[in-house]
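A.B. asks: To start, I am sharing the structure in question, which I have written as C-alpha coordinates.
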Amino acid sequence: MTRLLPGVIAMAAIVVASNILVQFLFGNWLTWGAFTYPLAFLVTDVMNRVYGVSAARKVVFAGFVTGVICSFIGTQIIGEFGPLVTLRIAMGSGLAFLTAQLLDVAIFDRLREGRWWRAPVVSTLIGSSVDTAIFFTIAFSGTLTFLEPANDVSWAGEVLPLLGAGPMAPLWVSLAVADWMVKLALALLALVPFRVLVTKLSPNPA
(Lines give C-alpha, C1' and ligand atoms only; values in the text may rest on other atoms or scores of the structure.)
Protein backbone atom coordinates (compact mmCIF):
# COMPACT_ATOMS: atom_id res chain seq x y z
CA MET A 1 0.00 0.00 0.00
CA THR A 2 2.95 2.31 0.66
CA ARG A 3 3.86 2.35 -3.03
CA LEU A 4 0.36 3.59 -3.85
CA LEU A 5 0.48 6.44 -1.34
CA PRO A 6 1.91 9.05 -3.76
CA GLY A 7 -0.85 8.24 -6.24
CA VAL A 8 -3.54 8.41 -3.57
CA ILE A 9 -2.22 11.74 -2.27
CA ALA A 10 -1.94 13.17 -5.80
CA MET A 11 -5.47 12.08 -6.69
CA ALA A 12 -6.91 13.46 -3.45
CA ALA A 13 -5.08 16.77 -3.97
CA ILE A 14 -6.42 17.07 -7.53
CA VAL A 15 -9.99 16.34 -6.43
CA VAL A 16 -9.84 18.83 -3.55
CA ALA A 17 -8.25 21.52 -5.74
CA SER A 18 -10.78 20.98 -8.50
CA ASN A 19 -13.70 21.20 -6.07
CA ILE A 20 -12.38 24.56 -4.88
CA LEU A 21 -11.35 25.98 -8.26
CA VAL A 22 -14.62 25.02 -9.97
CA GLN A 23 -16.19 27.94 -8.10
CA PHE A 24 -14.07 30.50 -9.99
CA LEU A 25 -14.71 31.43 -13.60
CA PHE A 26 -12.05 31.56 -16.31
CA GLY A 27 -13.61 33.53 -19.13
CA ASN A 28 -17.25 32.93 -20.12
CA TRP A 29 -17.31 29.18 -20.55
CA LEU A 30 -14.81 27.64 -18.14
CA THR A 31 -13.89 27.45 -14.48
CA TRP A 32 -10.35 27.09 -13.19
CA GLY A 33 -11.28 23.56 -12.13
CA ALA A 34 -11.36 22.57 -15.81
CA PHE A 35 -7.56 22.84 -15.86
CA THR A 36 -6.86 20.75 -12.76
CA TYR A 37 -9.46 17.99 -12.90
CA PRO A 38 -8.10 16.32 -16.10
CA LEU A 39 -4.87 15.62 -14.21
CA ALA A 40 -6.81 12.87 -12.43
CA PHE A 41 -6.60 10.82 -15.64
CA LEU A 42 -2.83 11.30 -15.70
CA VAL A 43 -2.53 9.94 -12.16
CA THR A 44 -4.78 6.97 -12.97
CA ASP A 45 -2.86 6.10 -16.13
CA VAL A 46 0.56 6.33 -14.49
CA MET A 47 -0.58 4.07 -11.65
CA ASN A 48 -2.11 1.66 -14.15
CA ARG A 49 1.05 1.44 -16.24
CA VAL A 50 3.46 1.13 -13.32
CA TYR A 51 1.48 -0.90 -10.77
CA GLY A 52 -1.39 -2.45 -12.71
CA VAL A 53 -5.19 -2.39 -12.84
CA SER A 54 -5.83 -3.20 -9.18
CA ALA A 55 -3.61 -0.38 -7.97
CA ALA A 56 -5.20 2.10 -10.38
CA ARG A 57 -8.68 1.18 -9.16
CA LYS A 58 -7.65 1.69 -5.55
CA VAL A 59 -6.39 5.17 -6.38
CA VAL A 60 -9.64 5.91 -8.22
CA PHE A 61 -11.74 4.85 -5.25
CA ALA A 62 -9.59 7.01 -2.98
CA GLY A 63 -10.32 9.96 -5.24
CA PHE A 64 -14.02 9.11 -5.27
CA VAL A 65 -14.19 9.05 -1.48
CA THR A 66 -12.34 12.36 -1.33
CA GLY A 67 -14.80 13.82 -3.83
CA VAL A 68 -17.79 12.63 -1.82
CA ILE A 69 -16.36 14.23 1.32
CA CYS A 70 -15.73 17.51 -0.53
CA SER A 71 -19.26 17.48 -1.93
CA PHE A 72 -20.75 16.85 1.50
CA ILE A 73 -18.78 19.74 2.97
CA GLY A 74 -19.87 21.94 0.07
CA THR A 75 -23.54 21.18 0.67
CA GLN A 76 -23.17 22.43 4.23
CA ILE A 77 -21.64 25.79 3.24
CA ILE A 78 -24.25 28.36 2.30
CA GLY A 79 -23.23 31.02 -0.18
CA GLU A 80 -25.06 33.98 -1.67
CA PHE A 81 -27.27 31.78 -3.84
CA GLY A 82 -27.58 28.75 -1.56
CA PRO A 83 -25.30 25.76 -0.88
CA LEU A 84 -21.94 25.92 -2.66
CA VAL A 85 -22.58 22.37 -3.89
CA THR A 86 -26.11 21.35 -4.86
CA LEU A 87 -27.40 17.79 -4.78
CA ARG A 88 -27.37 17.57 -8.57
CA ILE A 89 -23.78 18.77 -8.80
CA ALA A 90 -22.73 16.33 -6.09
CA MET A 91 -24.50 13.45 -7.84
CA GLY A 92 -23.16 14.39 -11.25
CA SER A 93 -19.63 14.88 -9.99
CA GLY A 94 -19.46 11.59 -8.12
CA LEU A 95 -21.08 9.46 -10.82
CA ALA A 96 -19.07 11.09 -13.61
CA PHE A 97 -15.77 10.66 -11.77
CA LEU A 98 -16.27 7.03 -10.82
CA THR A 99 -17.67 5.94 -14.19
CA ALA A 100 -15.10 7.79 -16.29
CA GLN A 101 -12.09 6.78 -14.21
CA LEU A 102 -13.02 3.10 -14.06
CA LEU A 103 -13.68 3.17 -17.80
CA ASP A 104 -10.25 4.75 -18.29
CA VAL A 105 -8.66 1.97 -16.23
CA ALA A 106 -10.40 -0.76 -18.25
CA ILE A 107 -9.59 0.73 -21.66
CA PHE A 108 -5.97 1.41 -20.70
CA ASP A 109 -5.57 -2.20 -19.62
CA ARG A 110 -6.93 -3.48 -22.93
CA LEU A 111 -4.48 -1.33 -24.87
CA ARG A 112 -1.42 -1.59 -22.61
CA GLU A 113 0.48 -3.88 -25.00
CA GLY A 114 0.37 -1.41 -27.89
CA ARG A 115 2.51 1.67 -28.54
CA TRP A 116 3.31 3.45 -25.28
CA TRP A 117 1.18 6.49 -26.09
CA ARG A 118 -1.92 4.71 -27.38
CA ALA A 119 -3.31 3.48 -24.05
CA PRO A 120 -3.13 6.83 -22.21
CA VAL A 121 -4.45 8.81 -25.18
CA VAL A 122 -7.41 6.58 -26.05
CA SER A 123 -8.43 5.82 -22.46
CA THR A 124 -8.23 9.47 -21.43
CA LEU A 125 -10.10 10.76 -24.47
CA ILE A 126 -12.95 8.30 -23.99
CA GLY A 127 -13.00 8.70 -20.21
CA SER A 128 -12.98 12.49 -20.45
CA SER A 129 -15.83 12.48 -22.96
CA VAL A 130 -17.95 10.24 -20.76
CA ASP A 131 -17.09 12.32 -17.69
CA THR A 132 -18.19 15.56 -19.35
CA ALA A 133 -21.43 14.09 -20.73
CA ILE A 134 -22.49 12.57 -17.40
CA PHE A 135 -21.60 15.53 -15.19
CA PHE A 136 -23.14 18.35 -17.21
CA THR A 137 -26.27 16.38 -18.08
CA ILE A 138 -27.00 15.43 -14.48
CA ALA A 139 -25.98 18.79 -13.03
CA PHE A 140 -27.69 21.15 -15.45
CA SER A 141 -30.01 19.52 -17.99
CA GLY A 142 -33.59 20.76 -17.71
CA THR A 143 -34.89 17.24 -18.36
CA LEU A 144 -33.56 16.08 -14.98
CA THR A 145 -35.07 18.75 -12.72
CA PHE A 146 -36.93 15.99 -10.87
CA LEU A 147 -33.63 15.03 -9.25
CA GLU A 148 -33.70 18.24 -7.20
CA PRO A 149 -36.91 20.23 -7.80
CA ALA A 150 -35.90 22.99 -5.38
CA ASN A 151 -32.71 23.72 -7.32
CA ASP A 152 -33.40 26.25 -10.06
CA VAL A 153 -31.07 25.54 -12.98
CA SER A 154 -33.13 27.47 -15.52
CA TRP A 155 -30.15 29.79 -16.06
CA ALA A 156 -28.22 26.86 -17.52
CA GLY A 157 -30.99 26.26 -20.04
CA GLU A 158 -30.83 29.73 -21.55
CA VAL A 159 -30.49 29.30 -25.31
CA LEU A 160 -27.42 31.10 -26.67
CA PRO A 161 -24.99 30.71 -29.59
CA LEU A 162 -22.74 27.73 -28.87
CA LEU A 163 -19.54 29.10 -27.31
CA GLY A 164 -20.75 32.53 -28.31
CA ALA A 165 -20.47 31.96 -32.04
CA GLY A 166 -22.00 28.62 -33.07
CA PRO A 167 -25.55 27.30 -33.47
CA MET A 168 -28.11 27.99 -30.77
CA ALA A 169 -27.89 25.66 -27.77
CA PRO A 170 -28.55 25.72 -24.01
CA LEU A 171 -25.84 27.48 -22.01
CA TRP A 172 -24.89 24.26 -20.21
CA VAL A 173 -24.03 22.66 -23.56
CA SER A 174 -21.51 25.46 -24.25
CA LEU A 175 -20.05 24.93 -20.78
CA ALA A 176 -19.78 21.19 -21.47
CA VAL A 177 -18.17 21.62 -24.90
CA ALA A 178 -15.61 24.09 -23.56
CA ASP A 179 -14.80 21.76 -20.67
CA TRP A 180 -14.47 18.81 -23.06
CA MET A 181 -12.12 20.70 -25.38
CA VAL A 182 -9.81 21.55 -22.48
CA LYS A 183 -9.77 17.92 -21.39
CA LEU A 184 -8.84 16.75 -24.88
CA ALA A 185 -6.03 19.29 -25.13
CA LEU A 186 -4.66 18.35 -21.72
CA ALA A 187 -4.87 14.65 -22.59
CA LEU A 188 -2.33 15.24 -25.35
CA LEU A 189 -0.12 17.53 -23.28
CA ALA A 190 -0.14 14.98 -20.44
CA LEU A 191 1.77 12.51 -22.61
CA VAL A 192 5.01 14.27 -21.69
CA PRO A 193 4.67 13.96 -17.88
CA PHE A 194 3.18 10.47 -18.37
CA ARG A 195 6.29 9.28 -20.19
CA VAL A 196 8.63 10.94 -17.70
CA LEU A 197 6.84 9.60 -14.61
CA VAL A 198 6.48 6.06 -15.95
CA THR A 199 10.14 5.94 -16.95
CA LYS A 200 11.17 7.17 -13.52
CA LEU A 201 8.88 4.91 -11.48
CA SER A 202 9.06 1.71 -13.51
CA PRO A 203 12.06 -0.52 -14.19
CA ASN A 204 10.44 -1.20 -17.57
CA PRO A 205 9.72 2.03 -19.50
CA ALA A 206 6.22 2.44 -21.01
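A.B. asks: Give the range of the longest stretch in the chain that excludes all chymotrypsin sites (Phe, Trp or Tyr not before Pro) found in loop regions by DSSP and having at most 14 other beta-carbon atoms within 10 Å.
C.D. replies: Looking at the chain, 118-206 is the longest stretch - no exposed chymotrypsin sites (Phe, Trp or Tyr not before Pro) with at most 14 other Cβ atoms within 10 Å.
A.B. asks: On to the next question. At q = 0.13, 0.15, 0.21 Å⁻¹, what is the log10 ratio I(q)/I(0) for region 29-151, with the Debye formula run over Cα points and no solvent?
C.D. replies: One equal scatterer on each Cα of region 29-151 leads to -0.56, -0.71, -1.16.
A.B. asks: Something else: Return the long-range amide H neighbours of Ala169 (sequence gap of 5 or more, or a different chain), with a cut-off of under 5 Å between placed amide H atoms.
C.D. replies: Leu160, Leu162
A.B. asks: Within the accessible area of region 146-203, what % is carbon and sulfur when the probe is 1.4 Å and the other protein chains stay in place?
C.D. replies: Carbon-and-sulfur percentage of accessible area, whole number: 75.
A.B. asks: Compute the Kirkwood hydrodynamic radius of the chain, taking the inverse of the mean of 1/r over all pairs of distinct Cα atoms, and give it in Å to one decimal.
C.D. replies: About 17.5 Å for the chain.
A.B. asks: Here's a follow-up. By how many nm would the segment from Thr99 to Met168 lengthen if fully extended, with 0.36 nm per residue of separation less the alpha-carbon distance?
C.D. replies: 21.9 nm
A.B. asks: Let me ask something additional. Per residue, what accessible area does region 34-87 have, given a 1.4 Å probe and all protein chains present, in Å²?
C.D. replies: Dividing the accessible area of region 34-87 by its residue count gives 47 Å².
A.B. asks: Here is a follow-up. Give me the extension gain from Phe72 to Val159: residue separation times 0.36 nm, minus the current Cα-Cα distance, reported in nm with one decimal.
C.D. replies: Extra length available between Phe72 and Val159 comes to 28.2 nm.
A.B. asks: Starting from the Cα of Val130, step 7 Å along the direction of its Cβ; do the same at Glu113; then give the gap between the two resulting points in nm.
C.D. replies: Rounded to a tenth, the inter-label distance reads 2.2 nm.
The values are calculated or read from the model by the stated rules, or taken from the named source; none is laboratory data. For clarity, every value in this text was computed on a predicted model and none was experimentally measured. When we count neighbours, we look across all protein chains shown, and the Cβ atoms used for this are built from the backbone with ideal geometry, even at glycine. Areas reflect the complete protein model, heavy atoms only, side chains present, ligands, DNA and RNA absent. Shrake-Rupley method; radii C 1.70, N 1.55, O 1.52, S 1.80 Å.
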